[in-house]
Amino acid sequence: MALATGAMAQADTIRIATYNTELHRDGPGLFLRDLARGEDDQINAVLAVIKRADADVLALQGIDYDLTGEALTRFAKAAGYPHHFALRPNTGLPTGLDMDGDGRLGGPRDAQGYGRFSGQGGMAILSRLPIDTGNVQDLSDLLWVDIPEALLPEVLGAPFPSAEAQAAQRLSTTGHWIVPIDTSDGPFQLMTFHASPPVFDGPEDRNGKRNHDEVRLWQHVLDGTVGTAPPGAFVIAGDANLDPEDGSGLHSGISNLLSDQRLINLSPRGHFETDTVDWTDPVPGDLRVSYVFPSTHWRVEDSGVLWPAPDDPFADTVATASRHRLVWADLTLDPAGGGE
């Protein structure tokens, strides 16, 4: 698939993208080590995909967080972005409790979000446009029990895995951020997240219910019942880990977001239509799990999934980078948008 380049050459048009890079490593510091060596095939492939996409603002998932920020600084420089942002994610954040009900403590599923170490598989933002880091709204520490209409897991009518665990459980597996980005036409809010896979649990459907509520959180924000709703233009961009029709999960979570009248329901396409991940070995197959949802303040110029046809020379690079595919949209602020 050919991508138009130089999105910023059009004065009011910006390209916003989301990409689950799957750059997480098995231990702290290993991503920085591999990046510094410059010889890692996956990292180099991810950088090639990012450069091909040519996004102005890019939400990343599956990238390890380090406290000093050195890894992200190096990665942003290699990708050609002057601005970057990340917060400590919930992945690997210890709780000291049995959060998955297996009777043991200290496993990766006993953290606030699955992780072998604190920060494994976090999130980040790369941008050519200035990021207003002083006014970021971080919703990552919201407790699941405090979310309106929370679908809390139960077994035989009792909280699963325990009342104590539920009282400590944050909703966000990785994070939910609302990040102001400055443009020549004024700021917009980038709302980004990476939800839990709705699998790897039991009949209590803990992960499926959590995934649903993580996706649903954005509508609570827009309704004004959680956090502070964006005052103007916004874009939701991230990995919902949920297809509206196929695969596991409570599909209403994403289908309700797709039909929300405050958003533009984009259907970006690549060689495999709207699918954004290759989970064909062995199951569940190609699914749509990554999304870019502009608010109605925008006019959509173009959009797509960077998923080349198999005979495209770039297809091997895309497959080496990640099982996920980058999703992008070219947007222009619409003076008549936003219900005005």
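The values are calculated or read from the model by the stated rules, or taken from the named source; none is laboratory data. Everything numeric here is computed off the predicted structure, so don't read it as measured data. We place every Cβ from the backbone using ideal geometry, glycine too, and count neighbours over all the protein chains shown.
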For L333, indicate whether it is touching a His at 6+ places or on another chain (Cβ under 7 Å), touching a residue at least 12 places away in the same chain (Cβ under 8 Å) and closer than 23 Å to L58 by Cβ. yes
Residue pairs qualifying under the 6 Å Cβ cut-off, at least six apart or on distinct chains, with the first in the stretch 202-222 being on the phi < 0 side of the Ramachandran plot and at pLDDT 95 or above and the second being assigned to a helix (DSSP H, G or I) and crowded, with 24+ Cβ neighbours inside 10 Å, are H212/G253; V215/G253; V215/I254; R216/G253
For the stretch 129-148, which residues satisfy the criterion of being surrounded by fewer than 16 Cβ atoms within 10 Å (Cβ to Cβ) and either without any contact (Cβ under 8 Å) to a residue 60 or more places away in the chain or in contact with a Cys (Cβ under 7 Å, 6 or more places away or on another chain) (or both)? P130, D132, T133, G134, N135, D138, D141, L143, V145, D146
Looking at (1) touching an Asp or Glu at 6+ places or on another chain (Cβ under 8 Å); (2) assigned to a strand (DSSP E or B); (3) among the β-branched types (V, I, T), which one does T192 not meet, given that it meets all the others? (1)
Taking into account only those residues within the stretch 251-277 that are touching a Lys or Arg at 6+ places or on another chain (Cβ under 7 Å) and in contact (Cβ under 8 Å) with a residue 60 or more places away in the chain, which is nearest to G175 (Cα to Cα)? V277
Residue hits (the stretch 246-277; under 18 Å from N211 (Cα atoms), part of a loop (DSSP other than H, G, I, E, B) and touching a Ser or Thr at 6+ places or on another chain (Cβ under 8 Å)) are T276
Quick check on this structure: which one of L126, L151 is touching a Lys or Arg at 6+ places or on another chain (Cβ under 6 Å), in contact (Cβ under 8 Å) with a residue 60 or more places away in the chain and either part of a loop (DSSP other than H, G, I, E, B) or not β-branched (V, I, T) (or both)? L151
Using beta carbons and a limit of 7 Å, which pairs, at least six apart or on different chains, have the first residue in the stretch 48-62 and without any contact (Cβ under 8 Å) to a residue 60 or more places away in the chain and the second one of a type in the set (S, T, Y)? D54/T5
When the stretch 262-293 is examined, which residues are found to be touching a Gly at 6+ places or on another chain (Cβ under 7 Å) and either over 28 Å from G337 (Cα atoms) or hydrophobic (A, V, I, L, M, F, W, C) (or both)? W279, P284, L287
Being at pLDDT 95 or above and touching a Pro at 6+ places or on another chain (Cβ under 9 Å) is the filter here, so list the residues in the stretch 21-76 that pass it. D64, Y65, A76
Considering only residues that are assigned to a loop (DSSP other than H, G, I, E, B) and under 16 Å from the mean Cα position of the chain (by Cα), which ones fall in the stretch 137-148? L139, S140
Pick from the stretch 288-320, criterion assigned to a loop (DSSP other than H, G, I, E, B) and acidic (D, E), ranking: surrounded by the most Cβ atoms within 10 Å (Cβ to Cβ): D312
Condition met for F272 (touching an Asp or Glu at 6+ places or on another chain (Cβ under 9 Å), at pLDDT 95 or above and either surrounded by 24 or more Cβ atoms within 10 Å (Cβ to Cβ) or farther than 24 Å from M123 by Cα (or both)): no
